1. Looking at V135, V122, V107, which is the one that is closer than 30 Å to P195 by Cβ and part of a strand (DSSP E or B)?
2. Looking only at residues that are in contact with a Lys or Arg (Cβ under 7 Å, 6 or more places away or on another chain) and assigned to a loop (DSSP other than H, G, I, E, B) in the stretch 225-260, which one is surrounded by the most Cβ atoms within 10 Å (Cβ to Cβ)?
3. Tally the residues that are surrounded by fewer than 16 Cβ atoms within 10 Å (Cβ to Cβ) and part of a helix (DSSP H, G or I), restricting the search to the stretch 170-204.
4. So which residues in the stretch 40-62 are within 21 Å of Q214 (Cβ to Cβ) and under 21 Å from the mean Cα position of the chain (by Cα), if there are any at all?
5. Please work out which residue is nearest to R26 (Cα to Cα), limiting yourself to the stretch 144-158 and to residues that are touching a helix residue (DSSP H, G or I) at 6+ places or on another chain (Cβ under 7 Å) and not β-branched (V, I, T).
6. One residue is enough: does the stretch 9-18 have a residue meeting the conditions buried (at least 21 other Cβ atoms within 10 Å of the Cβ) and not in a helix (DSSP H, G or I)?
7. Can you tell me which residues in the stretch 223-248 are of a type in the set (D, E) and more than 20 Å from F193 (Cα to Cα)?
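The values are calculated or read from the model by the stated rules, or taken from the named source; none is laboratory data. All figures in this text were calculated on a predicted structure; none of them were measured in a lab. Positions of Cβ are generated from backbone atoms using ideal geometry, with glycine treated the same way; all protein chains shown enter the neighbour counts.
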Amino acid sequence: MSAVEEAWARPAFDLARGVGALERLRAAAGVGGLQAVLDRARREVCNAGGRRLRVVDGAPASAADYERSVHAEGLLGVRADTWHDRFNVLAWSLFPRTKAALNARHVAELDRPVAPGRRSRVRDALSLFDEDGVVVAVVEARLEALVRGFAWRSLFVDERERLQGAMLCVPVGHALMEKLLDPFIGLVGKAVFVPVDASFFGLDWAERNDALDQACAAAVAGLGSPFDLAPLPVLGLPGWWPANESAEFYDNAAYFRPGRRRPATTPDAPIS
């Protein structure tokens, strides 16, 4: 089995594999194939205005152009030969409500007055989640608290057996999905948390997908700063990386960091 095939088989892609979207993406050729991924999604893939998305060749000149094109015309520009853009199509097919909510908020922020050459903290948060986001379904609030408190050994070692039926992490960000094909120490997802009850883990993948998309779309409405997103070193999640079978893996403090400090002020960031 190749390294990429091993990556496909890991829990990070369980949901995409469970609803058949991953195989459709892997088989998709060119713009037409990627359009078929959207057309065969379980829910109709539309922008916030209800217009069905149409995949077109070529990436827009800027992030702002991309957002406006999706929002105004329902046009999803892609470079069909790149995994980055192919995973963006996958993300739209799996999380259409979430992606539409992200897009709508981006456009609203683009129209909000800011200092020339600056980008709002809201757009920073939206961009981080769109690129590297992970939705975390948790049965117990204390597990979320362990993530937010950077208590990595408690979470990944002491609670390891409990995680299987109490916490589910699913990549939403297309850049994160791409990075997971060739993981590296230092890979961190930006998490939003969705509280669920234990019955969630008895649902099939399609039902879990629908529940997560709906809850995640609602969470997007509340993002106001990158500090609303919890850093999650995803290679610590059981099954996501072979080396984490050893408890010593979590001794790497450069990866499993003890915390972060919120800046005193969060001014609008420069546009990048």
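1. Of V135, V122, V107, the one residue that is closer than 30 Å to P195 by Cβ and part of a strand (DSSP E or B) is V135.
2. Ranking the qualifying residues of the stretch 225-260, first place goes to L229.
3. The qualifying residues number 4.
4. Matches in the stretch 40-62: R40, A41, R42, R43, E44, V45, C46, N47, A48, L53.
5. My answer is F156.
6. no
7. Within the stretch 223-248, E245, E248 meet the criteria.
Matching residues to (1) touching a His at 6+ places or on another chain (Cβ under 9 Å); (2) under 19 Å from F95 (Cβ atoms); (3) modelled with pLDDT of 95 or more:
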position: A27; (1), (2), (3): no, no, no
position: R42; (1), (2), (3): no, yes, no
position: G50; (1), (2), (3): no, yes, yes
position: L53; (1), (2), (3): no, yes, yes
